[in-house]
Structure formats: structure tokens, C-alpha cells
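Novice: Once you've had a glance at the structure underneath, I'll fire off some questions.
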Amino acid sequence: MVDQVKIMVRAGNGGSGAVSFRREKFIPKGGPDGGDGGKGGNVYLVTDPNVNTLQDFAHNKKFEAGDGEKGHGKKMSGLKGEDIIIKVPVGTLVKLTRLELETDEEKEVRVRGMKLGVLGKLFSQKKIEGETWQHLDLSEPGMELLIAHGGKGGRGNVHFKGSSMTTPMIAEDGQYGEAFEADLELKLLADVGLVGLPNAGKSTLLSVLSNARPKVADYEFTTLEPNLGVLKIGDKHLVIADIPGLIEGASEGKGLGIKFLKHIERTKVLIHLVPANSGTAEEIYDKYKVIRKELKSFSAGLEDKREIVVLSKIDLVDSDEIKKIVSFLKKKKISVLPISAATGAGIKELVSQLVS
Ligand SMILES: Nc1nc2c(ncn2[C@@H]2O[C@H](COP(=O)(O)OP(=O)(O)OP(=O)(O)O)[C@@H](O)[C@H]2O)c(=O)[nH]1
Ligand SMILES: [Mg+2]
């Protein structure tokens, strides 16, 4: 799953203004009629619900809008450069870093058609200083954001006529379009997050609750990247995210680390799985606390989310033992729901807790 990419965007440059003079029969010395340059195209980011990943950007990393056309004689403006629309998935975070452009400051130049030895002034965009940052959160479908403005077209010589300058030989250059390096990062928009130790049965539960068919296996770290599934309850849809297992010290980089927790940052509820066959009641309680500690270390408020604690794989342990574990956890003020993805026990109850 590609969930982070760096792309380059550049808005179009403005076209330069024209230096031109009316040339008509019987009018030997017509006035200036050089039109303006066209504006450069803009670059937009648009959230499209049909786009689900940043996969398209793996190969396509450079986006340039069209440049504005040069101005023409007869006061005709140049055509506007074409805009560019970049479609991104809902839930994309964008960080923009302005790129330095080579800029000309105002300078004296020779303009074609001007008398030799006489210089015109060339006006160009103001200089861009330093690096600017902008963080944007594209969390809603149909959002449209102008991220890079096209440069203005330069004014043609028709604008420079004055009493002291009846035959202006100057026109402006178009301004440069804005250019940015854009870091795109996709946060999955899940409603429910599955957390727990490796092998707790998270992916199996996802496959029972939703249409997803993630890889399931009897070893740790089967899941290396988040899986999403959709649970349909009547006309309601809940997106469930199954993430790689957490272990003690994950926040310090142990196992697969905790970076995956960003995918469940926006969920409303967490299902915390503790396998019933993973030791005595006390040991199970300790394992529960290990995960809680790692959730807290991520410091994004995950520990404050509503949590449904499930005791998974109850088909592997006899019912007296299950009762013991449930009552031990109750004493620790943890209400736990016993389930089995294998037999279906407790799954209906879990779904009704999810929608309540
Ligand atoms: N008997 C039984 N086995 C289960 C149950 N749920 C999961 N398992 C088994 O437990 C093993 C691990 O299941 P997974 O769903 O891959 O566990 P996970 O939590 O996703 O593991 P990681 O992706 O490694 O973090 C697999 O062999 C499953 O078949 C259950 O309810 N009963
Ligand atoms: Mg898994």
C-alpha cells in the first residue's frame, strides 16, 4: 500500500506582453497595440471518493500546468494556460514546500524592434524568499483546493503609452507560476480499529465482520500493512481497519513499530483483542496493559477512544477458564466480551455493540 508520496507541482508561467504598433493602410505611425500575455494555468487538488490510494503517484510525480501564451498585436491577449487537476483520495494530508525559482528582478533589456543602444525595462515577478510550509487536511469528498497559482500575464505595450512615451518599446514579462514540492500522505478513514498483540486474531475477525479477506496465519506479524474491510449493517457502513500487531516496546521501534497507529487515529472506536488461550487470567490482564501502554505512547488520544475489549479464540479454552478470566478482568474494571471467530460465538453481540 502506497500511503506516502512526494510530487512536484508547478503552475503555468504567465505569457509575456507584446510590443506591437498599429500598422494600417494610410496610418503610417499607428499607436502601440501590443496585447497582454495570457495567465498561467493553476494547479488544483481535488478529493475524489473513487480514488482510494496514492498508487497513481508512484510513477507520475511531476505535474505542470500550461504556460500562458504571449500577447499579440491588435490588443489581443494571449490564451490562458491550461489548469491541472490532481485527484487524490479523501483523507489525504498535504504538506507544501515552496520551491525556489530562478527569478529575474527588474532589469534592463533589449527589446526586439527597439532602436539599437536603447534599453527597455523588463518587469518580472517579485522574488520568493526562503521556504514556506503549508499543511492541508483534505478530509471531505469533493474538496477542491487551488495549491499553486499561475503567473499573471505581462502587460503589452498598449499600457505604457504616455505623454513622454508615445512609442513605448516595452512590455512586461509574465510572472512565474508558483511551484511546490507536495508531500501527500494518506490516512485511512476507518470507523473502527482492530488492535492487539500479533496472532490475537485481528485479521480473522476482520474477515468474519466484513467483506475483506486478509491473510491469516498461525504466526506473529502476518499482517504487515493495514487491511480495510466494510461491515454493512442495514444501510449503515462501517469501515474497519486491521493493523499489524503491537508488542511491548513497539513505541521504541520493536516489532513493526507503532507508525501504523496513524491509520486508526480517526476511528471512533477500537476493538482490542486479547486471546483467551494466551495464559492465566493475570497474564492476560498484563498483556492487555501492554497494548494500552503502546496506544498511549503514540500520544494521539488513542487511549481515550471508546474501546470494546474482546476475549478472542474462546473455542480453544474451556468455559470454566473463560469465566475465570472474565471475572478477573471485571475486578480490574474491564468489561470483556468473549468471542470466537471460528464458531461465531459473541460476534452478533459484538456487532450490536459496534452500532450502539
Ligand atoms: N481456534 C481459533 N483460531 C483462531 C481464531 N481467530 C483466529 N484464529 C487463528 O489464530 C491465528 C492468528 O490469526 P490472525 O487473524 O492472523 O491474527 P492477527 O492478530 O491478525 O495476527 P498478526 O497479523 O500477526 O498481528 C490463525 O491461525 C487463525 O486461524 C478463533 O476464533 N479460534
Ligand atoms: Mg493480522
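A short reminder: the numbers here are calculations on the coordinates, not readings from a lab. Every value quoted in this text rests on a predicted model; they were computed, and no experiment measured them. Quick reminder, even Gly has a Cβ in these numbers, built from the backbone with ideal geometry, and neighbours come from all protein chains shown.
Novice: Which one of the conditions (1) assigned to a loop (DSSP other than H, G, I, E, B); (2) more than 11 Å from ligand 1 (Cβ to nearest atom); (3) of a type outside the set (Phe, Trp, Tyr) does residue 200 fail to meet, given that it meets all the rest?
Specialist: Checking residue 200 against (1) assigned to a loop (DSSP other than H, G, I, E, B); (2) more than 11 Å from ligand 1 (Cβ to nearest atom); (3) of a type outside the set (Phe, Trp, Tyr), the one that fails is (2).
Novice: What number of residues within region 161-197 are within 9 Å of ligand 1 (Cβ to nearest atom) and either small (Gly, Ala, Ser) or in a loop (DSSP other than H, G, I, E, B) (or both)?
Specialist: So in region 161-197, the residues within 9 Å of ligand 1 (Cβ to nearest atom) come out as 194, 196-197.
Narrowing the set further to residues that are either small (Gly, Ala, Ser) or in a loop (DSSP other than H, G, I, E, B) (or both) leaves 196-197.
Within region 161-197, residues that are within 9 Å of ligand 1 (Cβ to nearest atom) and either small (Gly, Ala, Ser) or in a loop (DSSP other than H, G, I, E, B) (or both) number 2.
Novice: When you scan region 215-329 for strands (runs of 3 or more DSSP E) that lie fully inside it, which ones turn up with 1 or more residues that are within 14 Å of ligand 1 (Cβ to nearest atom), surrounded by 21 or more Cβ atoms within 10 Å (Cβ to Cβ) and polar (S, T, N, Q)?
Specialist: Numbers: elements: 227-233, 236-242, 269-275, 306-312.
Counting at least 1 such residues, we get 227-233, 306-312.
Novice: Pairs under 8 Å by beta carbon, first residue more than 16 Å from ligand 2 (Cβ to nearest atom) in region 216-239, partner small (Gly, Ala, Ser), six or more apart or different chains?
Specialist: Pairs found: 230/210; 230/212; 231/210; 239/190; 239/229.
Novice: Scan region 246-265 and give yes if some residue there is among the β-branched types (Val, Ile, Thr), closer than 24 Å to residue 299 by Cβ and either touching a residue at least 60 places away in the same chain (Cβ under 8 Å) or more than 14 Å from ligand 2 (Cβ to nearest atom) (or both), otherwise no. Spell out how you get there, then give the answer.
Specialist: Let us first name the residues in region 246-265 that are among the β-branched types (Val, Ile, Thr), namely 247, 258, 264.
With closer than 24 Å to residue 299 by Cβ added as a condition, the list becomes 247, 258, 264.
The next check asks that each one be either touching a residue at least 60 places away in the same chain (Cβ under 8 Å) or more than 14 Å from ligand 2 (Cβ to nearest atom) (or both); those that pass are 258, 264.
Within region 246-265, one or more residues are among the β-branched types (Val, Ile, Thr), closer than 24 Å to residue 299 by Cβ and either touching a residue at least 60 places away in the same chain (Cβ under 8 Å) or more than 14 Å from ligand 2 (Cβ to nearest atom) (or both).
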